[in-house]
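> Pasting a structure below so you can have a look.
The values are calculated or read from the model by the stated rules, or taken from the named source; none is laboratory data. Fair warning: this is a prediction, and the values are worked out from it, not measured in the lab. Because the Cβ atoms are built from the backbone with ideal geometry, glycine has one as well, and the counts that use them run over all protein chains shown.
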Amino acid sequence: MAKEKAKIKSDSDVDMSAVDSDNAAISDDVESFRDAADLEIKDIEGIGPTTAKKLKEAGIVSVLELAVTSADQLALDIECSKDTAATYIMESQRLLRKSQVLEKEFVSANLLLEKRKAMLRCSTGSKSLDELLLGGLETQAVTEFYGEFGSGKSQVCFTLCAMAKQPISEGGLDGGVIYIDTEGTFRPERLNQIARARGFDPLLVLKNVAICKVYNSSHLELIIEDLGRYVSAFNAKLVIIDSIISLHRAEYLGRGTLADRQQRLNAILHKLIRLAEIFNIAVVITNQVQSSPDMFFGDPTKATGGNIIAHTSTYRIYLRKSGENRIAKMVDSPYHPYSDIRFTVNEKGIDDTEETPKAKNKK
Ligand SMILES: Nc1ncnc2c1ncn2[C@@H]1O[C@H](COP(=O)(O)OP(=O)(O)OP(=O)(O)O)[C@@H](O)[C@H]1O
Ligand SMILES: [Mg+2]
């Protein structure tokens, strides 16, 4: 184990040295997440070269990926019994725990606080929206932006693509972005414009975003299944799925298919939240709204996807148009006050309005 650590340390010394001293504490913690990504399958007890090869063929190349796989899926993927698959998963989780990567099943609040310290925040490009998020988009969390068409969901995502590349000291994540486009609305020209307007090198920003256009819900499930591998490969610190539900919503029509659809969405969302925690990455999903005609007061729209998305997203932000501007409202959060703010959409992507009013606390 010690030897392993030493090897990993020397590999990661190079990029960590660039982080400024103010962030030294944070970067130490981040390094422990990197170590996790570098643990090898062959270090898992009970897994020999043959099984390692089968796992590799099934697209599982890191201990983390094995640890977050379901026994049913793994048994199918490597053609073994469910019991054997469960043992492999358990052993991989044991190794992660031994390397102090995953919290044990129960952790004390102060240890949890230590882990939260490794959390990074990415500026959204709007100070008001950052304020609503208490300092920016968090890693180790799934943040959902929902709203009707034209409310600015994709514009938030594009702006985040430009911000994530920036150094941590300047509000970025100093990392890559994976953009999963289910609606075919990603526009490199728009990202180019945003980067330019913000004074960033557009080429560096564009090169930093790996786009995956997905065509149907099975394709999306397949990509999410392998996401851990892509996160490592692209050194991604931000994963965006714009949008999470459109494909499933279009394909699973009628009430009879609802349970199946929800189960599939559930699997995707749980994988996302676990990846966010394990890799210390920020995950952003966008979601549509449906009208709820039974509502007489207030805004008669609510997010689609029902309880599954509502319960899995760590933070939910409702976006809506208000004249030329947009209003963002924190709808669901374990610790943010319920408040709303205004922002605008311009050549910089999303931006503060002229007057930049402070977040208006409702609680
Ligand atoms: N370059 C720009 N300058 C100013 N405003 C822009 C620019 N590009 C886009 N917009 C604004 O952003 C809106 C589109 O927002 P966006 O694409 O984020 O919507 P969305 O919430 O993702 O909608 P959908 O549900 O259809 O995907 C446009 O209607 C326009 O008002
Ligand atoms: Mg959109």
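> Considering (1) at pLDDT 90 or above; (2) surrounded by 17 or more Cβ atoms within 10 Å (Cβ to Cβ); (3) under 20 Å from residue 97 (Cα atoms), say which one residue 46 fails and leave the rest.
The failed condition is (2).
> If you don't mind, there's one more thing I want to ask. Could you say which residue among 148, 114, 65, 170 is within 16 Å of ligand 1 (Cβ to nearest atom) and among the acidic types (Asp, Glu)?
Going through 148, 114, 65, 170 in turn, just one is within 16 Å of ligand 1 (Cβ to nearest atom) and among the acidic types (Asp, Glu): 148.
> Can you run down the residue pairs with Cβ atoms below 8 Å, 6 or more apart or on separate chains, where the first is in region 326-351 and in a loop (DSSP other than H, G, I, E, B) and the partner is of a type in the set (Lys, Arg) and at pLDDT 95 or above?
Correct list of pairs: 348/198.
> Further question on the same structure: What number of residues in region 112-150 are outside the structural domain of residue 271 (by TED's automatic domain parsing) and either free of Cβ contacts under 8 Å to residues at least 12 places away in the same chain or within 16 Å of ligand 2 (Cβ to nearest atom) (or both)?
The total comes to 2.
> State which residue is modelled with the lowest pLDDT when the search covers only region 62-84 and only residues that are hydrophobic (A, V, I, L, M, F, W, C), part of a helix (DSSP H, G or I) and closer than 16 Å to residue 228 by Cβ.
64
> Would a scan of region 50-60 turn up a residue that is touching a Phe, Trp or Tyr at 6+ places or on another chain (Cβ under 9 Å) and more than 22 Å from residue 230 (Cα to Cα)?
no
> Given the structure, is residue 164 in the same structural domain as residue 62 (by TED's automatic domain parsing) and either surrounded by 21 or more Cβ atoms within 10 Å (Cβ to Cβ) or within 16 Å of ligand 2 (Cβ to nearest atom) (or both)?
Considered against the rule, which asks whether it is in the same structural domain as residue 62 (by TED's automatic domain parsing) and either surrounded by 21 or more Cβ atoms within 10 Å (Cβ to Cβ) or within 16 Å of ligand 2 (Cβ to nearest atom) (or both), residue 164 comes out as no.
> Follow-up. Collect the residues in region 229-243 that are within 11 Å of the chain's Cα centre (by Cα) and among the small types (Gly, Ala, Ser), keeping them in residue-number order.
Correct list: 236 only.
> Within region 318-342, count every residue that is β-branched (Val, Ile, Thr) and either at pLDDT below 80 or under 22 Å from the mean Cα position of the chain (by Cα) (or both).
So the count comes out to 1.
> Further question: Quick check on my filter: what residues within region 172-217 are of a type in the set (Ser, Thr, Tyr) and out of contact with any helix residue (DSSP H, G or I) (no Cβ under 9 Å at 6 or more places or on another chain)?
Residues satisfying the conditions do not exist here.
> Hey, does region 237-253 have a residue that's at pLDDT 95 or above, farther than 25 Å from residue 136 by Cβ, within 16 Å of ligand 1 (Cβ to nearest atom) and surrounded by fewer than 15 Cβ atoms within 10 Å (Cβ to Cβ)?
Scanning region 237-253 turns up no residue that is at pLDDT 95 or above, farther than 25 Å from residue 136 by Cβ, within 16 Å of ligand 1 (Cβ to nearest atom) and surrounded by fewer than 15 Cβ atoms within 10 Å (Cβ to Cβ).
> Turning to a different aspect of this structure: For region 265-284: of the residues being over 14 Å from residue 228 (Cα atoms) and buried (at least 18 other Cβ atoms within 10 Å of the Cβ), which is farthest from the chain's Cα centre (by Cα)?
265
> Which condition number does residue 159 fail, the rest of (1) modelled with pLDDT of 95 or more; (2) more than 16 Å from ligand 1 (Cβ to nearest atom) being met?
Only one criterion is unmet by residue 159, namely (2).
> Let me ask something additional. So, residue 138, is that one buried (at least 17 other Cβ atoms within 10 Å of the Cβ), at pLDDT 95 or above and among the acidic types (Asp, Glu) or not?
yes
> Name the residue, out of 275, 238, 247, 269, that is in contact (Cβ under 8 Å) with a residue 40 or more places away in the chain, within 16 Å of ligand 2 (Cβ to nearest atom) and assigned by TED's automatic domain parsing to the domain that holds residue 220.
So the residue among 275, 238, 247, 269 that is in contact (Cβ under 8 Å) with a residue 40 or more places away in the chain, within 16 Å of ligand 2 (Cβ to nearest atom) and assigned by TED's automatic domain parsing to the domain that holds residue 220 is 247.
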